[in-house]
Amino acid sequence: LKAVFPDYALFDKIVVENGALLYTPASEEERLLAPAPPEEFADRLRALGVAPLSLGRCIVATWEPNETKVLQAVRDLGLELEIIFNKGAVMVLPSGVNKATGLAAALADLGLSPDNVIGVGDAENDHALLRACGVGAAVANALPMLKEAADIVLDKARGDGVAELIDRVLAKDGALYRR
(Lines give C-alpha, C1' and ligand atoms only; values in the text may rest on other atoms or scores of the structure.)
Protein backbone atom coordinates (compact mmCIF):
# COMPACT_ATOMS: atom_id res chain seq x y z
CA LEU A 1 0.00 0.00 0.00
CA LYS A 2 2.79 2.39 0.87
CA ALA A 3 4.31 1.96 -2.59
CA VAL A 4 1.08 2.64 -4.50
CA PHE A 5 -0.48 5.23 -2.16
CA PRO A 6 2.15 7.46 -0.56
CA ASP A 7 -0.52 9.52 1.27
CA TYR A 8 -1.54 6.54 3.44
CA ALA A 9 -0.63 8.53 6.58
CA LEU A 10 -3.82 10.58 6.08
CA PHE A 11 -5.70 7.73 7.74
CA ASP A 12 -5.99 6.84 11.41
CA LYS A 13 -6.26 3.08 10.74
CA ILE A 14 -5.83 0.93 7.65
CA VAL A 15 -7.33 -2.55 7.39
CA VAL A 16 -5.11 -4.72 5.20
CA GLU A 17 -4.66 -8.36 4.25
CA ASN A 18 -8.42 -8.67 3.73
CA GLY A 19 -9.09 -7.93 7.39
CA ALA A 20 -6.26 -9.87 9.03
CA LEU A 21 -3.96 -6.94 9.79
CA LEU A 22 -4.61 -3.49 11.24
CA TYR A 23 -2.07 -0.78 10.55
CA THR A 24 -1.82 2.53 12.43
CA PRO A 25 0.11 5.04 10.30
CA ALA A 26 0.88 7.49 13.15
CA SER A 27 2.70 4.87 15.22
CA GLU A 28 3.53 2.47 12.36
CA GLU A 29 2.02 -0.29 14.53
CA GLU A 30 0.99 -3.46 12.71
CA ARG A 31 -1.44 -5.59 14.67
CA LEU A 32 -2.28 -9.08 13.49
CA LEU A 33 -5.96 -9.80 14.00
CA ALA A 34 -5.58 -13.49 13.24
CA PRO A 35 -2.87 -16.11 13.44
CA ALA A 36 -0.51 -16.63 10.53
CA PRO A 37 -0.83 -19.98 8.77
CA PRO A 38 1.84 -22.54 9.62
CA GLU A 39 4.96 -22.58 7.44
CA GLU A 40 4.00 -26.09 6.32
CA PHE A 41 1.06 -24.58 4.45
CA ALA A 42 3.22 -22.48 2.14
CA ASP A 43 5.62 -25.41 1.75
CA ARG A 44 2.72 -27.68 0.74
CA LEU A 45 1.41 -25.12 -1.76
CA ARG A 46 4.86 -24.86 -3.35
CA ALA A 47 5.10 -28.66 -3.51
CA LEU A 48 1.75 -28.71 -5.32
CA GLY A 49 3.09 -26.22 -7.87
CA VAL A 50 1.01 -23.23 -6.80
CA ALA A 51 2.40 -20.16 -8.53
CA PRO A 52 2.37 -17.28 -8.20
CA LEU A 53 2.26 -17.43 -4.42
CA SER A 54 2.23 -14.36 -2.17
CA LEU A 55 2.69 -14.58 1.58
CA GLY A 56 1.62 -11.73 3.84
CA ARG A 57 1.76 -11.57 7.60
CA CYS A 58 -1.40 -13.68 7.73
CA ILE A 59 -2.86 -13.92 4.23
CA VAL A 60 -1.71 -16.36 1.57
CA ALA A 61 -2.68 -15.43 -1.97
CA THR A 62 -2.53 -16.82 -5.49
CA TRP A 63 -4.71 -16.75 -8.61
CA GLU A 64 -7.27 -18.98 -10.27
CA PRO A 65 -7.14 -21.84 -11.19
CA ASN A 66 -5.02 -22.69 -8.13
CA GLU A 67 -8.03 -22.86 -5.78
CA THR A 68 -8.27 -26.65 -6.06
CA LYS A 69 -4.61 -27.05 -5.10
CA VAL A 70 -5.11 -24.61 -2.22
CA LEU A 71 -8.11 -26.62 -1.01
CA GLN A 72 -6.06 -29.81 -1.29
CA ALA A 73 -3.31 -28.30 0.88
CA VAL A 74 -5.87 -27.17 3.48
CA ARG A 75 -7.33 -30.69 3.58
CA ASP A 76 -3.93 -32.42 3.57
CA LEU A 77 -2.78 -30.44 6.59
CA GLY A 78 -6.13 -30.39 8.39
CA LEU A 79 -6.19 -26.61 8.73
CA GLU A 80 -9.13 -24.35 9.51
CA LEU A 81 -8.66 -21.85 6.71
CA GLU A 82 -11.09 -20.21 4.32
CA ILE A 83 -10.62 -19.60 0.63
CA ILE A 84 -11.91 -16.19 -0.43
CA PHE A 85 -12.14 -14.94 -4.00
CA ASN A 86 -11.54 -11.48 -5.42
CA LYS A 87 -12.13 -11.37 -9.18
CA GLY A 88 -9.68 -14.14 -9.99
CA ALA A 89 -7.49 -13.74 -6.93
CA VAL A 90 -7.56 -16.63 -4.46
CA MET A 91 -6.91 -15.60 -0.86
CA VAL A 92 -6.56 -17.86 2.14
CA LEU A 93 -7.26 -16.64 5.66
CA PRO A 94 -8.17 -18.09 9.04
CA SER A 95 -11.84 -18.96 9.35
CA GLY A 96 -14.05 -15.96 10.10
CA VAL A 97 -11.53 -13.29 9.09
CA ASN A 98 -12.64 -10.76 6.49
CA LYS A 99 -12.73 -7.04 5.81
CA ALA A 100 -15.72 -6.63 8.16
CA THR A 101 -13.86 -8.16 11.11
CA GLY A 102 -10.88 -5.92 10.39
CA LEU A 103 -13.17 -2.91 10.18
CA ALA A 104 -14.76 -3.85 13.52
CA ALA A 105 -11.31 -3.88 15.16
CA ALA A 106 -10.43 -0.49 13.67
CA LEU A 107 -13.74 1.03 14.75
CA ALA A 108 -13.31 -0.34 18.29
CA ASP A 109 -9.88 1.31 18.51
CA LEU A 110 -11.31 4.60 17.23
CA GLY A 111 -14.48 4.51 19.31
CA LEU A 112 -16.69 4.79 16.23
CA SER A 113 -19.86 3.07 15.14
CA PRO A 114 -20.21 1.21 11.83
CA ASP A 115 -23.03 3.68 11.13
CA ASN A 116 -20.25 6.24 10.61
CA VAL A 117 -18.71 4.23 7.76
CA ILE A 118 -19.24 4.17 4.03
CA GLY A 119 -17.72 1.03 2.52
CA VAL A 120 -16.99 0.58 -1.15
CA GLY A 121 -16.17 -2.58 -3.03
CA ASP A 122 -16.23 -4.51 -6.27
CA ALA A 123 -15.80 -8.23 -5.63
CA GLU A 124 -16.71 -11.37 -3.71
CA ASN A 125 -14.58 -10.46 -0.71
CA ASP A 126 -16.51 -7.20 -0.18
CA HIS A 127 -19.95 -8.59 0.79
CA ALA A 128 -19.29 -8.75 4.55
CA LEU A 129 -17.69 -5.30 4.49
CA LEU A 130 -20.67 -3.64 2.82
CA ARG A 131 -23.07 -5.35 5.24
CA ALA A 132 -21.01 -4.08 8.18
CA CYS A 133 -21.11 -0.43 7.09
CA GLY A 134 -23.76 2.22 7.58
CA VAL A 135 -23.74 2.64 3.80
CA GLY A 136 -22.37 0.14 1.29
CA ALA A 137 -21.38 1.22 -2.21
CA ALA A 138 -20.41 -0.78 -5.29
CA VAL A 139 -18.32 0.67 -8.11
CA ALA A 140 -19.61 0.30 -11.68
CA ASN A 141 -17.34 -2.67 -12.43
CA ALA A 142 -18.49 -4.57 -9.32
CA LEU A 143 -19.81 -8.08 -9.64
CA PRO A 144 -23.61 -8.20 -10.16
CA MET A 145 -24.30 -9.86 -6.78
CA LEU A 146 -22.36 -7.15 -4.95
CA LYS A 147 -24.26 -4.44 -6.80
CA GLU A 148 -27.53 -6.07 -5.67
CA ALA A 149 -26.35 -6.00 -2.05
CA ALA A 150 -25.11 -2.40 -2.14
CA ASP A 151 -27.05 0.66 -0.99
CA ILE A 152 -25.43 2.72 -3.75
CA VAL A 153 -24.20 1.65 -7.18
CA LEU A 154 -21.77 4.16 -8.61
CA ASP A 155 -21.61 5.17 -12.26
CA LYS A 156 -17.84 4.92 -12.53
CA ALA A 157 -15.49 1.96 -12.19
CA ARG A 158 -12.51 1.28 -9.93
CA GLY A 159 -10.78 4.33 -8.44
CA ASP A 160 -12.92 6.70 -10.49
CA GLY A 161 -15.95 5.21 -8.72
CA VAL A 162 -14.35 5.84 -5.34
CA ALA A 163 -13.68 9.45 -6.38
CA GLU A 164 -17.33 9.71 -7.48
CA LEU A 165 -18.42 8.48 -4.06
CA ILE A 166 -16.18 11.00 -2.29
CA ASP A 167 -17.58 13.79 -4.47
CA ARG A 168 -21.14 12.73 -3.54
CA VAL A 169 -20.30 12.71 0.16
CA LEU A 170 -18.68 16.14 -0.03
CA ALA A 171 -21.57 17.57 -2.07
CA LYS A 172 -24.15 16.30 0.42
CA ASP A 173 -22.11 17.29 3.48
CA GLY A 174 -22.03 13.70 4.71
CA ALA A 175 -25.82 13.22 4.60
CA LEU A 176 -25.61 10.53 1.94
CA TYR A 177 -27.91 7.54 1.95
CA ARG A 178 -29.29 5.62 4.91
CA ARG A 179 -30.65 2.13 4.94
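Could you give the angle, 0 to 90 degrees to the nearest 10, between helix 67-77's Cα long axis and the longest principal axis of the Cα atoms of the chain?
Between helix and principal axis, roughly 60 degrees.
Could you point to the label whose value was computed as semi-axes √(5λ) of the Cα gyration tensor in Å for the structure here, given [x] 63, 20, 8; [y] 30, 19, 14; [z] 58, 17, 14?
[y]
So, counting K/R as plus one and D/E as minus one, what does the shell of residues with Cβ under 12 Å around V92 add up to? All intermediate terms of the calculation are to be shown ahead of the outcome.
On the way: positive: R44, K69; negative: E17, E67, E80, E82.
That sum, taken over residues with Cβ under 12 Å, equals -2.
In whole Hz, with x marking every Gly and Pro, tabulate ³J(HN,Hα) for the range 88-104 from phi via Karplus 6.51 cos²θ - 1.76 cosθ + 1.60, θ = phi - 60°.
x, 7, 10, 10, 10, 9, x, 4, x, 9, 7, 4, 5, 5, x, 4, 4
For N125, what is the net charge nearby, where nearby means another residue's Cβ is under 14 Å from its Cβ and Lys, Arg count +1, Asp, Glu -1?
-4
Accessible area per residue of the range 30-179 at 1.4 Å probe, in Å²?
That works out to 54 Å² for each residue.
Between S54 and K87, with labels modelled 7 Å along Cα→Cβ, what's the label distance in nm to one decimal, could you check?
1.3
Return the long-range amide H neighbours of W63 (sequence gap of 5 or more, or a different chain), with a cut-off of under 5 Å between placed amide H atoms.
The answer is V90.
Quote to one decimal, in nm, the extra length available between K156 and A140 on full extension: 0.36 nm per residue of separation minus the C-alpha distance between them.
Full extension of this stretch gives 5.3 nm more.
With +1 on each Lys and Arg Cβ and -1 on each Asp and Glu Cβ, and nothing else charged, work out how big the dipole of the range 1-115 is about its Cα centre, in Debye to the nearest 20.
So the dipole magnitude of the range 1-115 works out to roughly 280 debye.
What percent do you get for the relative contact order of the chain when only Cα pairs under 8 Å and 6+ apart count?
Numbers: 306 pairs, mean separation 25.8, N = 179.
The value is 14 percent.
In nm, what is the difference between 0.36 nm times the number of residues separating E30 and A9 and their Cα-Cα distance?
This chain segment gains 6.2 nm when fully extended.
Pop a pseudo-label 7 angstrom from the Cα along the beta-carbon direction at both L79 and E124 and give the gap in nm to one decimal.
Between L79 and E124, the simple spin-label model gives 1.7 nm.
Once neighbouring chains are kept in place and the probe is 1.4 Å, which whole percent of the accessible area of the chain is contributed by carbon and sulfur?
With neighbouring chains kept in place, the figure for the chain is 54 percent.
The values are calculated or read from the model by the stated rules, or taken from the named source; none is laboratory data. Every value quoted in this text rests on a predicted model; they were computed, and no experiment measured them. FYI the Cβ positions are ideal-geometry reconstructions off the backbone, even for glycines, and counts take in every protein chain you see. With ligands, DNA and RNA removed, areas are computed over all heavy atoms of the protein, side chains included. Shrake-Rupley method; radii C 1.70, N 1.55, O 1.52, S 1.80 Å.
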